[in-house]
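In what follows, a single structure is set out as structure tokens and then discussed.
Each value in this text was obtained by applying a stated rule to the coordinates, not by laboratory testing. Predicted model, so just to flag it, every value in this text is computed and none were measured. All Cβ positions, even for glycine, are placed from backbone atoms using ideal geometry, and neighbour counts span all protein chains on display.
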Amino acid sequence: MKFFLDTANLEEIKEASSLGVLRGVTTNPSLVSKEKVALEEQVEKICALVQDYPVSVEVLSTSAREMVAEARRLAGIASNIVIKIPICIEGLKAVYALTNGENKVPCNVTLVFSFNQALLAAIAGAAYVSPFLGRIDDIGGDGVGLVEDIVAIFEKQKMDKTEVIAASIRHPRHVHQVAAAGAHIATVPFSVLKQMAGHPLTDLGIEKFEADWARALEAMNSLPGTEPG
Ligand code: G3P
């Protein structure tokens, strides 16, 4: 499973890149709006930071014709842009137009909350589908179950041109669960990535090693004939 970072924050992307685990970035209008900068400007900077990996940017238009025009404009920012399109009838038309014919633009179909939405998106030509598992859990549903279903049925149907991005991840347990479900990608907030690297017993272990070592040094330094270190 690959890790994408779900953010539009440059510092978070730089730090995650330095960990060697980052294979892409996903943004959405809410995440970009938090950065308080022009969307195109921010997207250009993000694409430059992760040149070798895909960066998903969402369209805000609502008709297929406008979505396609907006997508083509955004895709011109950098060669690693993937266009995020919300699942709906107009969105499907836009995905089909962008992924067929000349000048293909890869699409990530977003706001997926059911298997059938994912199915239609994949058949229309989406390179990625993004089920939002956290938001499903938020209303008492089974977000991980949806990811499991999409992965299992796509495999059964040999639909191998579309990768499943487990999105709207809330905590490290979600990551574990979607990895077990066979999701191709998990897009995680930076806070979750940091939580994944930590464990209270690791912190305690480091503290204990440091304290034991400091005590040993103190004991060595207090031996007769030893210069204080
Ligand atoms: O980027 C899409 C998705 O991951 C958003 O998650 O936390 O707003 O439900 P969230």
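Selection of segment 91-112 for residues being of a type outside the set (Ser, Thr, Tyr) and part of a strand (DSSP E or B) yields Cys107, Asn108, Val109, Leu111, Val112. One residue stands out in segment 113-135 among those that are of a type outside the set (A, V, I, L, M, F, W, C) and assigned to a strand (DSSP E or B): the one that is farthest from Ser56 (Cα to Cα), namely Pro131. One residue stands out in segment 161-171 among those that are part of a loop (DSSP other than H, G, I, E, B) and within 15 Å of the ligand (Cβ to nearest atom): the one that is nearest to Tyr128 (Cα to Cα), namely Ser168. Can you give me the number of residues within segment 60-81 that are surrounded by 14 or more Cβ atoms within 10 Å (Cβ to Cβ) and under 13 Å from Pro106 (Cα atoms)? Looking only at that region, the number is 8. Listed here are the helices (runs of 4 or more DSSP H) enclosed by segment 23-80 that have at least 2 residues being β-branched (Val, Ile, Thr): 39-49.
Within the set Ala181, Ala124, Ala118, the sole residue that is buried (at least 19 other Cβ atoms within 10 Å of the Cβ) and within 16 Å of the ligand (Cβ to nearest atom) turns out to be Ala118.
Scanning segment 172-184 for residues that are within 18 Å of Val25 (Cα to Cα) and in a loop (DSSP other than H, G, I, E, B) yields Ala183, His184.
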